[in-house]
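The next block holds one structure in the form of structure tokens; read it before the comments.
The values are calculated or read from the model by the stated rules, or taken from the named source; none is laboratory data. All figures in this text were calculated on a predicted structure; none of them were measured in a lab. Cβ sites come from the backbone with ideal geometry, for glycine too, and all protein chains shown count toward neighbours. For accessibility, only protein heavy atoms count, side chains too; no ligands or nucleic acids. Shrake-Rupley method; radii C 1.70, N 1.55, O 1.52, S 1.80 Å.
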Amino acid sequence: MFANIPIGDGTSTDLGTAFEQHLTAFRGQKDYAFAFLEKDWLDVIRQRAIRDQDEALESLTAEMLALLAAPTAKSNFKQSFLDLYDRSRRHAYPLCARLIDEHHLHSGISRDYTLQCFDLGQMRRIEDEAHSDATMRIFVKDMLKKLTTVTKQPRHEIYRQVFDVYSEALVCRLLRERCGTALTIRKLTETEDAGPDFACDLRYVHAGKEQHLEFFIEVKSLDIADAPQRLPEMLDEGMNLQIELERQVQEGRRVAMTEGEIAPHRRYGTDATYDPWSVRKCIETLIGKAAGNFKNAQFQRGPTFALVNLLRLPPPSQGKYTLAPLFYDDYMGGACVSGALWHMAFGAFGAPIYRLPRFEGAGTDDGALNRAGLLVDPNVKLRAAGLIVFHEDRGAYRFDGLYDAHWTDDEWDWSNLQVEEAMYALCGDYNDRRNENAHKYSRMHQAASVMQNQTSGSPHE
């Protein structure tokens, strides 16, 4: 589940170039060729050595260059080069190296779901920035400590804890990357009293004058359904798939094939109600998870945005249209579909939910919503200025925002004007409870008329 982000930045170094030339010159020669070693990692390691003037790393990469210049002069060239590469990688990126080690622990046995949710490209950037940024340095130190501390806890539980730290680090660096110097974001020190994770200062220009918005962000990374029980169950499922592949190989099959399902929304055990096509079930899971994680005590210091990280519990892939209460999708001839994230924030209890048909004529009725949205549920009463959803959709990270256009807080002298300014800066796309951005997210003008026909009893084709 790595996002489509390259490990390197595309800049080739002398080490990377020498390695490419070596591969060309010794293609097919097992004593000199490398099957799995990546040029991108050699480039970023060399870049780190030069940029940070790291003498130890410069020495290691210089030795690799010397080996590539005269590979036949070394009797054990291949192993010597791999040893230098491993030492330099662990020196430059100890956290990434440790995560790769964790992947190797499961190789050929099963696959850990949480491990697949780490983006090694982003983790490398986090480690790069840790050299000059105290906040990132704390995040890296915390993740390394959790991964290396001897404990009786199973590894899947350790990965969950590491991912919670990674979630905050990733959100922090991507918001900085998105907003540039306009945003100052700093991690708040944890205390016994519950509070938000980040304090923010956003600078913008209004009527020719620089303005400042000060607010907070509380981050929650939602885990899969029934995570403590489901994660080991997923490991067992992966192991069974591996056993089946090995059985087919032993039978002499030239091509071994099997299939499994990664189902983060499925409950533990036999879940008769599970439907991977259901938008409503997904919305209800997201609302329930978010409501159970956010606490009102975390929203009392000032205007605070609730930010949910859904990398482990992804919503339906709906693009920016997920921010509309209803949008038109031309799949299977056309259907009106409920926006998952809009309903996560503002869905009314009992509201009808619509999904894509599984096949032509299957229908789109997905039942009535059994939970009110996070920002409108009277039982939750979350004092949030708005909801920001961080997720991956179609190979890209997204920050999507939802807020109430009538939201005010007299104590902090904030209204929807300040909320909109923050949403504009932090989010790629956003919408409000009144669906005032319907022109952006309804996709086609036919949506309203089609929905009117459907609710009046006319058949939807």
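Applying the Karplus parametrisation 6.51 cos²θ - 1.76 cosθ + 1.60 with θ = phi - 60° to the phi angles of region 48-54, what ³J(HN,Hα) value in whole Hz is obtained for each residue in order, glycine and proline being reported as x?
Here the 3J(HN,Hα) series is 4, 4, 6, 5, 8, 6, 7 Hz.
Say the cut-off is 29 Å between C-alpha atoms; which of Lys220/Lys320; Lys78/Lys152; Lys30/Lys145; Lys141/Lys281; Lys30/Lys146; Lys281/Lys320 go over it?
On the way: Lys220/Lys320 21 Å; Lys78/Lys152 38 Å; Lys30/Lys145 38 Å; Lys141/Lys281 38 Å; Lys30/Lys146 38 Å; Lys281/Lys320 20 Å.
Cα-Cα > 29 Å for Lys78/Lys152; Lys30/Lys145; Lys141/Lys281; Lys30/Lys146; rest within.
Give the residues of region 16-38 whose amide nitrogen is closer than 16 Å to a point set 7 Å from the Cα of Thr72 in the direction of its Cβ.
Counting backbone N atoms under 16 Å from the label point, the list is 22-33.
Between Phe359 and Leu174, what is the FRET efficiency for a Förster distance of 51 Å, r being their Cβ-Cβ separation, to the nearest 0.05? The partial results should precede the final answer.
Working: r = 38 Å, r/R0 = 0.75.
Once rounded, the FRET efficiency stands at 0.85.
How big is D for the chain, in µm² s⁻¹ as a whole number, if Stokes-Einstein is applied with the Kirkwood radius of its Cα pairs at 25 °C and 0.890 mPa s? Provide the component values of the computation, followed by the final result.
On the way: Rh = 24.9 Å.
After rounding, the answer is 98 µm²/s.
Give the angle, between 0 and 90 degrees and rounded to the nearest 10, that separates the Cα long axis of helix 416-426 from the longest principal axis of the Cα atoms of the chain.
That helix lies at roughly 20 degrees to the long axis.
So, by mean Cβ neighbours within 10 angstrom, what's the order for 201-212, 232-243 with the highest one leading? Please list the in-between numbers first.
Values: 201-212: 10.7, 232-243: 15.7.
Top of the packing list down: 232-243, 201-212.
Please identify which residues in region 104-136 have an amide N closer than 11 Å to a label point set 7 Å out from the Cα of Met239, following the Cα→Cβ vector.
What the label zone holds, given the 11 Å backbone N cut-off, is 109-111.
Taking the Cα atoms only, what angle lies between the long axis of helix 155-179 and the longest principal axis of the chain, rounded to 10 degrees?
It works out to around 80 degrees.
Determine the calculated [θ] at 222 nm for the chain from helices alone, applying -39500 (n - 2.57) to every DSSP H run no shorter than 4 residues and normalising by the residue count; nearest 500 deg cm²/dmol. Mind showing how you got there, number by number?
Working: 15 runs with 195 residues, N = 461.
It lands at -13500 deg cm²/dmol.
Just grab the label-to-label distance for Ile262 and Glu63, each label 7 Å out from Cα along the Cβ direction, in nm (one decimal).
Distance between label points: 3.7 nm.
Calculated FRET efficiency, Thr149 and Met332, Cβ-Cβ r, R0 51 Å, to nearest 0.05? Show your work: numbers first, answer last.
On the way: r = 51 Å, r/R0 = 1.01.
Computed FRET efficiency for Thr149 and Met332 comes out at 0.50.
If you average the C-alpha positions of region 399-425 and of region 60-130 separately, how far apart do those two centres end up, in angstrom?
45
How many nm separate the modelled label positions at Val376 and Tyr424, each set 7 Å beyond the Cα in the direction of the Cβ?
Label-label distance for Val376 and Tyr424, simple model: 2.6 nm.
What is the percent carbon and sulfur in the accessible area of the chain, measuring with a 1.4 Å probe over the protein chains and ignoring ligands?
Details: 11120 of 22760 Å².
Carbon and sulfur: 49 percent of the exposed surface of the chain.
For Tyr430, what residues show an amide H to amide H distance below 5 Å, using hydrogens built from the backbone and excluding near sequence neighbours?
For Tyr430, the qualifying residues are Gly401.
Whole Å is fine, so just give me how far the alpha carbon centre of region 136-173 lies from that of region 316-361.
35
Please list, in order, the residues from region 287-329 whose amide nitrogen is less than 16 Å from a point placed 7 Å along the Cα→Cβ vector of Thr191.
Counting backbone N atoms under 16 Å from the label point, the list is 297-303.
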